[in-house]
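Read through the structure below, which is laid out as C-alpha cells, and then see the notes.
Taken together, the values in this text are just the output of simple stated rules run on the coordinates, not laboratory data. Nothing here was measured: the structure is a model prediction, and the numbers come from that model. Note that each Cβ is placed from the backbone with ideal geometry, even for glycine, and that neighbours are counted across all protein chains shown.
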Amino acid sequence: MRTALVEAATGFPVLVCTAALVVVAVFWLLVVSGAATVDSFDTDIDLGALGMGGVPVAVALSLLAALSWLLGVGAALTLAALAPTGPAAGMLRLVVPVAGLLAAWWLTCLFVRPLHRLFPDEPGPGPGGGTARNRPV
C-alpha cells in the first residue's frame, strides 16, 4: 500500500501537486520560524477574481495545493486499483488529475468564504471583492 501511495504521489500528473505541497510546507515552516509572514504575498497577487479573496493569498493557495494533492493522489490510487490497463486508462490517468485540480479550486472557493471571518482586514470574495484595499496612499 505504501509503495502505491509513493508511486501515486510521484507519478507524472500528480507530481506537480506534490511539488506544490512541498513548497507550501516549506513556506509554513518559514512562517513558524518567523522568517516570513502569512501575508507575505498579499501585495503581489489578488485572488478575488478567482473567488478565493477574503483570506491571505498564502492561506488560499495552501488550501488549493493540499486539496489538489489529496484529490490527485486519491484519484491515482483509485485508477490504479480499478481501471484496466490500456490506452483509455492512460488518457484517464491524465484527465482525472486536471479534473481534481478544478474540483480543488471549487472546494477552495467554498472553504474560503467561512474563513473570511478570521481575516477581517482582507477584502471579501465576490464581485470586486479583491480589488480595493484600505491602505493609505
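Can I get the semi-axes of region 1-104's equivalent ellipsoid? Compute them from the C-alpha gyration tensor as square roots of 5 times the eigenvalues, in angstrom, largest first. Don't skip to the answer; put the middle values down first.
Details: eigenvalues 189, 52, 15 Å².
Equivalent ellipsoid of region 1-104: 31, 16, 9 Å, largest first.
Peptide packing: for 91-99, 105-113, the average count of neighbouring Cβ atoms within 10 Å per residue gives the ranking 105-113, 91-99, highest mean first. Taking θ as phi - 60° and the Karplus parameters 6.51, -1.76 and 1.60, the scalar couplings of region 111-118 work out to 6, 5, 4, x, 6, 4, 5, 6 Hz in sequence order, x denoting glycine and proline. Scalar couplings 3J(HN,Hα) for region 46-63, obtained by applying the Karplus form with A = 6.51, B = -1.76, C = 1.60 to θ = phi - 60°, are 10, 9, x, 5, 8, x, 10, x, x, 10, x, 4, 4, 5, 5, 6, 5, 5 Hz; x denotes Gly and Pro.
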